[in-house]
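Accompanying notes for the structure given below.
Values in this text are rule-based calculations from the coordinates and carry no lab data. Predicted model, so just to flag it, every value in this text is computed and none were measured. So basically every Cβ, Gly included, is an ideal-geometry build from the backbone, and we count neighbours across all protein chains shown.
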Amino acid sequence: MTSTQQFSPLCDVHHVPMRHVMLEQDSEEVRNFHACQRHDCTRVFDSNGYSDRTEGEFDDVRASVHRCPRCRSALYLAEVEQLKKIETWECSQADCDYSEESRTPSGR
């Protein structure tokens, strides 16, 4: 995932927009990810899919990733139609336009 990519994933738990975060790690490495905007939520999205970030550490215990069947990049939750109980998932790769719809967990 590059820092120039423009997409806005929704939190896969709360269905609210996530904010883009650039975190400097040891040395000159910068980690890009999106974090849920709810103050009580630890969900993050990066090139590995959805996981949690607690106490400053990335935690894969509740990791969830949907892979694009075309390019194998992680899909992100782009839209949720609450009334129809349909989720739209899109590819996080800049040059891939793949998207798919699925029933929300409550609609299954």
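What size of dipole, in debye to the nearest 20, comes out for the chain about its Cα centre when the only charges are +1 on Lys and Arg C-beta atoms and -1 on Asp and Glu C-beta atoms?
560 debye
Considering only DSSP states other than H, G, I, E and B, which GluC sites (Glu not before Pro) in the range 1-80 qualify as loop sites with at most 14 other Cβ atoms within 10 Å?
Those satisfying the criteria are Glu28, Glu29, Glu55.
Using amide H atoms built 1.01 Å from N in the peptide plane, name the residues 5+ places from Glu79, or on other chains, whose amide H lies under 5 Å from its own.
Thr88
Working from the pairwise distances between different alpha carbons, so that the mean of 1/r is found and then inverted, what is the chain's Kirkwood radius in Å?
One decimal place: 14.4 Å for the Kirkwood radius.
Just flag the trypsin sites (Lys or Arg not before Pro) in the range 16-84 sitting in loop per DSSP whose Cβ has no more than 14 other Cβ atoms within 10 Å.
Of the trypsin sites (Lys or Arg not before Pro), the ones in loops of the range 16-84 whose Cβ has at most 14 other Cβ atoms within 10 Å are Arg38, Arg70, Arg72, Lys84.
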